[in-house]
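**Student:** Following this message is one structure expressed as structure tokens.
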Ligand code: IPD
């Protein structure tokens, strides 16, 4: 019910804010202890693990029947209809390792496999993005809305194409696609955090974000924040979003969504033909 959702929201917001202090304090420390996951660019620090533990222990202590999917603790991802917290303890770990102040905690509650609470918190810059299903999206308590730009030619794009994704290498086709996107839009930006990229679309600072190779915890909170701010989230081909398909297109409106989906479908066709 709504009142239990409010209870969950208040408790997890408090936990997220205190977990943020751990990240803020550690962020400035040089020579952080870094381990590699799947590749030398896929990083994890002790702080990622500590923050995820802190959040899971804190939530489990209050709501013992809730489930969790966490970047650092979930070996396989099984999404059920049960209330499930989807957690990225530090989205933008590479940024955190470099003390580049754009990383965040991303935490969402899924019920029936749909997000109903989304919180993205960058403790370095004190940016707290929040959303609850049907109740709008907020930045530090102030309502936020997507931008009203309708043409790609005046859009700012959040792109992370050089991220560690086996599905998305900088082949000549991809380079051509990126060049045409850069020619045909205002410009592009890269924050190094999928969750913060999504929040830039939500608050109207950028018009679009798309990526491949995403995990469910990268997008869980940001998705709800974008839709509650009036934006759209789809598959990269413009069809319905599959939250476990590792790809997403998020935009301020249908016009920008159509324009980008068309190019991404064309790119996919080209890659297929090439085999
Ligand atoms: C990464 C960031 C990055 C995206 C990668 C993610 P992490 O998350 O969100 O922007 O391009 O695909 O893995 O590893 O820092 O939590």
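**Student:** With the structure loaded, tell me whether residue 99 is under 25 Å from residue 242 (Cβ atoms), within 16 Å of the ligand (Cβ to nearest atom) and assigned to a loop (DSSP other than H, G, I, E, B) or whether it fails that test. Full working, then the answer.
**Tutor:** Details: under 25 Å from residue 242 (Cβ atoms): no; within 16 Å of the ligand (Cβ to nearest atom): yes; assigned to a loop (DSSP other than H, G, I, E, B): yes.
Answer is no for this residue.
**Student:** Counting only residues that are at pLDDT below 95 and within 12 Å of the ligand (Cβ to nearest atom), give me the strands (runs of 3 or more DSSP E) lying completely in segment 33-85 with at least 3 of them.
**Tutor:** Filter on segment 33-85 gives 43-45.
The values are calculated or read from the model by the stated rules, or taken from the named source; none is laboratory data. Worth saying up front: this structure is predicted, and the values here are computed from it rather than measured. With ideal geometry, Cβ positions are generated from the backbone for all residues, glycine too; neighbour counts draw on all protein chains shown.
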